[in-house]
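A.B. asks: My questions all concern the structure below.
The values are calculated or read from the model by the stated rules, or taken from the named source; none is laboratory data. The structure displayed is predicted, hence computed values, not measured ones. All Cβ positions, even for glycine, are placed from backbone atoms using ideal geometry, and neighbour counts span all protein chains on display. Surface accessibility is based on the protein's heavy atoms, side chains included, excluding ligands, DNA and RNA. Shrake-Rupley method; radii C 1.70, N 1.55, O 1.52, S 1.80 Å.
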Amino acid sequence: MKKVLIAPFVFLVRFYQLAISPYTPATCRYSPTCSQYTLEALKKHGLFKGGWLSVKRIASCNPWGGKGYDPVP
């Protein structure tokens, strides 16, 4: 059931990674990148908790936010 719920979101992130990201400058301050973090969070924690972790991570990916290695908890 979890895989069915996250499938559209995984598709959107993969589309971004393959069709949009290669044509934009690399600006993510974290490792793994925010899109890879989102995929891992969704697969590990499901739609709601994984989605929340992803939103928090993307919101902190700015010049005043954090940086460095930040794995999915």
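A.B. asks: By how many degrees, between 0 and 90 and to the nearest 10, does the Cα long axis of helix 2-15 differ from the longest principal axis of the chain?
C.D. replies: Value to nearest ten degrees: 40.
A.B. asks: Ok, one more. Using +1 at the Cβ of each Lys and Arg and -1 at the Cβ of each Asp and Glu in the chain, identify which of P22, N62, S35 lies farthest towards the dipole's positive end.
C.D. replies: S35
A.B. asks: Quick one: order K43, K2 from most to least accessible surface, probe 1.4 Å.
C.D. replies: K43, K2
A.B. asks: Moving on to the next point. Report the residue, chosen from L53, L18, L42, that carries the largest GNM mean-square fluctuation when the chain is represented by alpha-carbon nodes joined by springs under 10 Å.
C.D. replies: In the Gaussian network model the winner is L18.
A.B. asks: Which cross-chain or sequence-distant (5 or more) residues have an amide H under 5 Å from the amide H of Y30, H modelled 1.01 Å from N in plane?
C.D. replies: Amide H to amide H, under 5 Å and 5 or more residues apart or across chains, Y30 pairs with G68.
A.B. asks: Let me ask you something else. Efficiency by 1/(1 + (r/R0)^6): what FRET value for K43 and Y23, r their Cβ-Cβ distance, R0 = 22 Å, to the nearest 0.05?
C.D. replies: Efficiency at R0 = 22 Å is approximately 0.30.
A.B. asks: How much accessible area does T33 have with a 1.4 Å probe, in Å² rounded to the nearest 10?
C.D. replies: 70
A.B. asks: While we're looking at this one, here's another question. Quick one: dipole size for the chain, taken about the Cα centre, charges +1 on Lys/Arg Cβ and -1 on Asp/Glu Cβ, in debye to the nearest 20.
C.D. replies: With only Lys, Arg, Asp and Glu charged at Cβ, the dipole is about 200 debye.
A.B. asks: If you don't mind, there's one more thing I want to ask. Go through the stretch 25-39 residue by residue and turn each phi into a ³J(HN,Hα) via Karplus (6.51, -1.76, 1.60, θ = phi - 60°); whole Hz please, and just put x for glycine and proline.
C.D. replies: My calculation for the stretch 25-39 gives x, 6, 10, 5, 8, 10, 10, x, 4, 4, 5, 5, 4, 4, 4 Hz in order.
A.B. asks: Moving on. In Å², what does the accessible area per residue of the chain work out to with a 1.4 Å probe?
C.D. replies: Per residue, the chain has 71 Å² of solvent-accessible surface.
A.B. asks: Counting only the heavy atoms of the protein chains, how much of R14 is accessible to a 1.4 Å probe, in Å² to the nearest 10?
C.D. replies: 100
A.B. asks: Could you give me the ³J(HN,Hα) list for the stretch 52-58, computed from phi with Karplus coefficients 6.51, -1.76, 1.60 and θ = phi - 60°, whole Hz, x at Gly and Pro?
C.D. replies: Going residue by residue, I get 5, 4, 5, 4, 4, 5, 5 Hz, with x marking Gly and Pro.
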